[in-house]
Amino acid sequence: MAGRPTLKQVAERAGVSLGMAGRVLGNYGYFSDITKKKVTDAARALNYTPNVIARSLRTRLTKTIGVLISDITTFFWTTLVRGIQDKAGKAGYSVILCNSDDESENEQLYLSTLFERNVDGLIVSPTPHNHSYLKKLARGLVPLVLVDRGVKGLRVPTIKSDNQAGAYEAVKHLIELGHDRIAIITGIPDVETSEERFVGYRQALQDKGIPIRKTLIRQGHFQKDQAFIATQELLRMKRSPSAIFVSNEPMVSGCILALKEGGVRIPEDISVVGFDDPVWASYMDPPLTAVSQPSYTMGILAFDYLLAQISNNVIDKKYLEDVILKPTLVIRKSCGSRLTDHDVQPAQGNSKSHYC
């Protein structure tokens with residue numbers, strides 16, 4: 001057969017009308033199981049594939065969404081995107097994935113490209129200095145859902161973790177082990193995720209009457225190399241910290257590398273807690289205590305909320321509201337106790353462990 005097979009040829013081979021063939025292959029309207037088998041068998045025999053462009057002109061839908069995140073190499077984003085893709089695939093949608101590397105210029109370029117490709121909706125983790133363009137898109141141009149970070153003044157649903165609570169629990173854990181010189185390696189200034197985790201750190205110290213020391217606050221910009229440098233600076237202090245709270249996965253890698261190269265033992269010399277719980281955290285020596293985010297669930301919810309907008313199913317007002325999911329502190333062996341036998345009264349019959 002010369003040329004690309006057409007829907008008309010599928011209909012003729014199946015012995016149904018052109019409209020019925022389109023209905024079956026488009027999976028809309030009513031058709032019997034017998035008709036469905038006839039049409040799908042005919043399409044398979046002819047090696048027919050739908051013309052997506054022609055279908056989008058009829059339905060005004062491309063069955064494609066754009067996903068723009070900061071860095072797919074991290075476990076958090078890999079699992080979140082997998083959640084989006086798994087749910088999108090079941091709904092018949094394809095996903096175009098872009099990485100901004102937290103650069104606003106990259107973000108605007110990719111957003112423009114995705115918009116020009118007529119994607120049906122966007123799931124975006126926004127960079128700090130490009131909010132005006134997002135607000136423009138959100139004004140009826142394209143359905144939009146934010147993940148991991150919100151944007152003040154932008155009235156679209158945001159799916160994220162309770163960053164403040166997660167950081168608070170991590171730092172409180174260190175305090176309960178007797179640490180009072182706790183450093184933090186923060187992310188990118190003005191990024192909501194970074195700011196909220198710092199607030200959790202600060203609040204945990206304040207609640208225990210521990211002063212906030214500016215010398216123990218270092219910026220890592222969510223990057224491994226920057227965290228490596230920040231950790232080296234902390235180690236050069238006359239009174240270095242006894243514990244470090246690191247605000248995301250790539251920075252944990254940089255921090256631990258700097259400690260290893262500096263001959264610093266974990267947790268005997270310095271305790272470490274990370275925000276994000278990649279697979280390798282439990283394989284470390286010692287295994288890493290970390291704040292685990294429900295990233296896969298975040299991805300599923302992000303697509304559900306986007307599809308509700310695409311389908312004009314926002315009568316249910318929940319699809320217009322933000323979703324804040326609870327992270328979990330996973331306690332392993334990278335935190336050592338600074339408490340003495342006098343400070344700790346072990347339960348009768350149990351021996352006291354200095355590491356957790």
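Here are the numbers for the structure shown:
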item: Qualifying positions in the range 32-50 - surrounded by 13 or more Cβ atoms within 10 Å (Cβ to Cβ) and either at pLDDT below 85 or touching a Ser or Thr at 6+ places or on another chain (Cβ under 6 Å) (or both); result: Y48, P50
item: Checklist (1) free of Cβ contacts under 8 Å to residues at least 40 places away in the same chain; (2) assigned to a strand (DSSP E or B) applied to V272, failing item; result: (1)
item: Hits in the range 233-269 - residues which are of a type outside the set (D, E, K, R), part of a helix (DSSP H, G or I) and without any contact (Cβ under 8 Å) to a residue 24 or more places away in the chain; result: none
item: Residues within the range 97-151 that are of a type in the set (D, E) and without any contact (Cβ under 8 Å) to a residue 40 or more places away in the chain, tallied; result: 5
item: Of all residues in the range 164-202 being β-branched (V, I, T) and part of a helix (DSSP H, G or I), the one that is surrounded by the most Cβ atoms within 10 Å (Cβ to Cβ); result: V171
item: Among residues of the range 287-299, those that are in a helix (DSSP H, G or I) and in contact with an Asp or Glu (Cβ under 7 Å, 6 or more places away or on another chain), counted; result: 0
item: Any hit, the range 188-196, residues being in contact with a His (Cβ under 8 Å, 6 or more places away or on another chain) and of a type in the set (D, E, K, R); result: yes
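The values are calculated or read from the model by the stated rules, or taken from the named source; none is laboratory data. All figures in this text were calculated on a predicted structure; none of them were measured in a lab. A quick note on method: Cβ atoms are made from the backbone with ideal geometry, for glycine too, and the neighbour counts reach across all protein chains shown.
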